[in-house]
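Student: Mind having a look at this structure? Questions to follow.
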Amino acid sequence: MAEGERSPRQLLTIGVVGGLIGIYLANYLNSTTGTAWFSFFAGLGAVLAVFWGADAVRRVASYGLGTGVPSIGLLSLGAGQVAVLLGLAVAMNYSIHWAAPIIALILAAIIGLVSGVMARRVIKMNIAIMERSMMEIAMAASLIMLGFSTTIAGGFGFDLIMKYVVASGFIIAVFIVGGMAMLHPFNACLGPDERQKRTLNLALSTGFIAMLVAGIAAGAINGIQAAVPTMIIAIFGWIIYYLRFFADTKQDAAAVLSTGLLPKEEEVA
Amino acid sequence: MFSLLYWVWIILGGILIGAGVHFIPVGGAPAAMSQATGVGTGTTMLAAASGLTGLIGAGSAYAATGGDFGYTIVMGGISAALMISILAFIANVMYVYGAGVPLASAKVKYDPISKWRQDLYVSRGTEGHGTPMSSFISGIIGAFLAGVGGALVYFALAASYAGIPGFGATFAGYPAPYYVSLAAAFAIGIFFLNCVMASYNIGGTIEGFHDPKFRRLPKSILASLVVSAVGGLFALLIVVMLPGGI
């Protein structure tokens with residue numbers, strides 16, 4: 001870990017605590033006020049989970065997976081999706097609605113750990129942090145799925161998510177866009193000059209793009225109450241962090257040169 | 001209701017998906033620059049393309065026949081095999097007429113199926129290019145297996161969820177009931193779990209059944225077995241957790 005970087009533990013705390021707070025705020029403020037104005041909190045929580053997940057992807061994929069960075073992101077989204085819906089169903093069955101996100105997080109950790117153990121011990125991938133990373137990425141994936149699903153549905157009850165996210169088909173959009181937000185930053189920045197700050201600024205930018213998609217979907221379910229605040233915050237977040245990423249890129253580059261326009265035909269010869 | 005048979009089907013489906021990936025000619029990034037044999041993209045994308053087509057085929061067969069087992073499974077396999085042949089064929093057209101390289105494998109001297117000489121046509125410094133005969137046939141077999149696996153997972157999940165009270169409802173004007181959406185979403189999740197495990201096993205690239213890496217198959221079967229057992233159990237526990245439906 002280079003100087004000035006955020007430690008894995010710090011990012012885990014940001015992701016888990018931030019993600020859960022966002023999801024709880026959205027659910028309880030929405031249900032207390034009987035509106036959908038507060039759905040954007042869950043989106044912000046999911047963006048923080050993207051922030052954490054992108055760093056976990058960054059740590060494990062820098063060993064070289066051999067299959068491209070997207071593979072681990074999609075694997076964990078697959079694990080996270082099953083964990084989220086089972087977690088919501090368990091909470092519904094035992095009437096512990098408040099515990100649903102935490103149960104989903106624990107179940108995601110179990111599937112992630114099993115996949116990590118299989119990848120390292122059976123398939124014998126030579127990556128020392130495989131188990132821990134797979135677990136972290138699956139947990140981040142479950143928070144991303146649950147966060148964006150809560151933004152769309154306005155709450156995290158199994159019935160709400162089932163009806164408004166799964167049956168409406170938005171779950172596939174959440175799956176792919178949430179996954180892209182988490183795996184794209186390292187995929188785009190990898191190389192010998194990769195730097196955590198730049199990758200994570202890109203992660204926040206892609207996270208806000210995913211939030212924008214969730215905002216559009218939320219508009220179809222809960223109307224402008226859910227869509228307008230989510231989309232405004234997402235657009236501003238995206239612009240701010242994309243500009244920061246751009247500034248970081250310029251700072252890290254050896255030189256920024258203009259190549260000019262394409263040469264005219266006679267000049268080529 | 002929770003059925004042990006469905007769990008076994010999900011595990012079997014997961015193993016078939018993992019095994020299928022070993023047959024598919026995955027070239028990865030080098031193949032995209034026509035420097036290795038196979039279709040020029042990663043396993044995740046390739047398996048997802050054929051697997052999801054298989055799932056669409058299986059899903060439409062399931063809906064059209066009211067849940068006929070054989071028809072669903074066969075349609076899943078055929079749709080996936082069709083997709084991979086289209087993918088490999090179009091990629092071959094681009095390799096031959098666009099990049100200007102012959103289709104050849106660097107892993108074998110003679111193609112096991114067509115018996116054509118390979119090593120003479122491999123450009124120096126590369127590991128072959130395009131999808132030659134054996135890899136093509138191997139890909140069709142692999143996609144069929146993976147499609148059958150995905151269809152088995154889908155069938156088991158859809159048949160389990162169809163019994164949950166309230167899951168026969170539909171969202172707005174959509175024709176598909178709840179249980180179809182949930183089964184499809186989970187089938188995609190379990191598909192990705194298994195195909196990524198298998199792609200880690202082959203280290204990202206493979207040419208087909210004639211590739212030496214194919215011998216690693218047993219490890220992948222064990223990994224798929226465990227991963228889909230846990231994933232499948234979680235997916236099926238939803239049935240147990242919702243006795244009263246929603």
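Student: Per residue, how big is the convex hull around the C-alpha atoms of the range A:11-105? Give it to me in cubic angstrom, could you?
Tutor: Taking the convex hull of the Cα positions in the range A:11-105, it is 93 Å³ per residue.
Student: In the range B:4-241, what % of DSSP beta bridges are antiparallel (nearest 5)?
Tutor: Counting only bridges with both partners in the range B:4-241, antiparallel ones make up about 60 percent.
Student: If contacts are Cα pairs under 8 angstrom and at least 6 residues apart, what is the relative contact order of chain A in percent?
Tutor: 23 percent
Student: Picking from B:Ser181, B:Gly20, B:Gly147, whose Cα lies most toward the positive end of the charge dipole for the range B:4-241 (charges on Cβ: Lys, Arg +1; Asp, Glu -1)?
Tutor: Farthest towards the positive end: B:Gly20.
Student: How many partner chain Cβ atoms sit within 10 Å of a residue's Cβ in peptide A:119-128, on average, as a whole number?
Tutor: 4
Student: Per residue, how much accessible area does the protein assembly as shown have with a 1.4 Å probe, in Å²?
Tutor: 40 Å²
Student: Further question on the same structure: Which whole-angstrom value gives the distance between the alpha carbon centres of the range A:16-36 and the range A:43-119?
Tutor: 20 Å
Student: Once Lys and Arg get +1 and Asp and Glu get -1 on their Cβ, which of B:Ala91, B:Thr65, B:Thr131 lies farthest toward the positive end of the dipole of chain B?
Tutor: Toward the positive end, the furthest listed residue is B:Thr131.
Student: Just going by the charge dipole of the range A:1-122, with Lys and Arg at +1 and Asp and Glu at -1 on Cβ, which of A:Val60, A:Leu107, A:Gly45 is farthest out on the positive end?
Tutor: Value computed over the given set: A:Val60.
Student: Using helices alone, what [θ] at 222 nm do you get for chain B, with -39,500 (n - 2.57) per DSSP H run of 4 or more residues, divided over all residues and rounded to the nearest 500?
Tutor: After summing the helix terms and dividing by residue count, I get -21500 deg cm²/dmol.
Student: What is the projected area of the convex hull of the Cα atoms of the range B:29-85, averaged over all directions, in nm²?
Tutor: 3.8 nm²
Student: Which residue, A:Arg58, A:Arg198, A:Arg121, has the most motion in a Gaussian network model of chain A that connects Cα atoms within less than 10 Å?
Tutor: Result: A:Arg121 has the largest fluctuation of those listed.
Student: Between A:Val165, A:Val213, A:Val90, which gets the highest mean-square fluctuation from a Gaussian network model of chain A, Cα cutoff 10 Å?
Tutor: A:Val90
Student: Pop out the carbon and sulfur fraction of the accessible area of chain A as a percent, whole number, probe 1.4 Å.
Tutor: Looking at chain A in its full context, I get 67 percent from C and S.
Student: What's the whole-number percent of alpha carbon pairs in the range B:4-241 lying beyond 21 angstrom?
Tutor: So the pairs more than 21 Å apart make up 55 percent of the total in the range B:4-241.
Student: Report, to the nearest 10°, how far helix A:196-222 tilts away from the longest principal axis of the Cα atoms in chain A, using its own Cα long axis and a range of 0 to 90°.
Tutor: Long axis of A:196-222 versus the principal axis of chain A: about 40 degrees.
Student: A further question on this structure: Output the 0 to 90 degree angle, nearest 10, between the alpha-carbon long axis of helix B:133-161 and the longest principal axis computed from the alpha carbons of chain B.
Tutor: Approximately 10 degrees, to the nearest 10.
Student: Note the angle between two axes, namely the Cα long axis of helix A:8-33 and the longest principal axis of the Cα atoms of chain A, as a number of degrees from 0 to 90, rounded to the nearest 10.
Tutor: So the helix axis and the longest Cα principal axis differ by about 40 degrees.
Student: Counting DSSP beta bridges in the protein assembly as shown, what percent are antiparallel, to the nearest 5?
Tutor: Given both bridge residues lie in the protein assembly as shown, the antiparallel proportion sits at roughly 60 percent.
Student: Something else about it: In whole percent, what relative contact order does the range A:1-135 give with Cα contacts below 8 Å and a gap of six or more residues?
Tutor: Reported relative contact order: 18 percent.
Student: Further question on the same structure: If the elastic network links every pair of Cα atoms under 10 Å, which of A:Val47, A:Val114, A:Val60 fluctuates the most in the Gaussian network model of chain A?
Tutor: Checking each option, the largest mean-square fluctuation is seen for A:Val114.
Student: Next up: Out of all Cα-Cα pairs in the range B:132-236, roughly what percent, to the nearest whole number, are more than 25 Å apart?
Tutor: The proportion of pairs with Cα distances above 25 Å equals 34 percent.
Student: Nearest 100 Å², what total accessible surface is buried between chain A and chain B (probe 1.4 Å)?
Tutor: Interface area, both chains combined: 3500 Å², rounded to the nearest 100.
Student: Is the shape of the range A:113-235 rounded, prolate or oblate, going by the alpha carbon gyration tensor and its root eigenvalues a ≥ b ≥ c, with a/c under 1.5 for rounded and a/b larger than b/c for prolate?
Tutor: oblate
Student: Now a separate question. Would you mind calculating the relative contact order of the range B:4-241 from Cα pairs under 8 angstrom and at least 6 residues apart, reporting the percent as a whole number?
Tutor: Contact order relative to length: 33 percent.
Student: So which residues in the range A:137-159 end up with at least 40 square angstrom less accessible surface once the other protein chains are there, compared with the chain by itself, probe 1.4 angstrom?
Tutor: Residues shielded by partner chains are A:Phe158.
Student: Please enumerate, by chain and number, the aspartates and glutamates with C-alpha under 19 Å from the C-alpha of A:Lys163, excluding those fewer than 8 residues away in the same chain.
Tutor: Within the straight-line limit of under 19 Å, A:Lys163 reaches no aspartates and glutamates at all.
Student: Quick one: Kirkwood hydrodynamic radius for the range B:1-128, alpha-carbon pairs, angstrom, one decimal?
Tutor: Here the Kirkwood hydrodynamic radius works out to 16.5 Å.
Student: Next question. Do any residues of the range B:184-212 show a loss of at least 50 square angstrom of accessible area between the isolated chain and the full protein assembly, using a 1.4 Å probe, and if so which?
Tutor: Residues of the range B:184-212 that lose at least 50 Å² of accessible area once the other chains are added: B:Ala185, B:Phe186, B:Phe192, B:Leu193, B:Met197, B:Tyr200.
Student: Under a straight-distance cross-link criterion of Cα-Cα below 18 Å, which aspartates and glutamates are reachable from A:Lys250, leaving out those fewer than 8 residues away in the same chain?
Tutor: Cross-link targets: A:Asp193, A:Glu194.
Student: Quick check: from the Cα gyration tensor, does the range A:21-251 come out rounded (a/c under 1.5), prolate or oblate?
Tutor: oblate
Student: Hey, which lysines would be in cross-link range of B:Lys213, C-alpha to C-alpha under 26 Å, not counting anything within fewer than 8 residues on its own chain?
Tutor: Excluding near neighbours in sequence, the set is A:Lys124, B:Lys107, B:Lys109, B:Lys115.
Student: Let me ask something additional. From the P(r) of the protein assembly as shown, can you give the percent of Cα pairs sitting at distances over 44 Å?
Tutor: 15 percent
The values are calculated or read from the model by the stated rules, or taken from the named source; none is laboratory data. Everything quoted here is computed from the prediction, not taken from an experiment. Glycine gets a Cβ as well: all are built from the backbone with ideal geometry, and neighbour counts include every protein chain shown. Areas reflect the complete protein model, heavy atoms only, side chains present, ligands, DNA and RNA absent. Shrake-Rupley method; radii C 1.70, N 1.55, O 1.52, S 1.80 Å.
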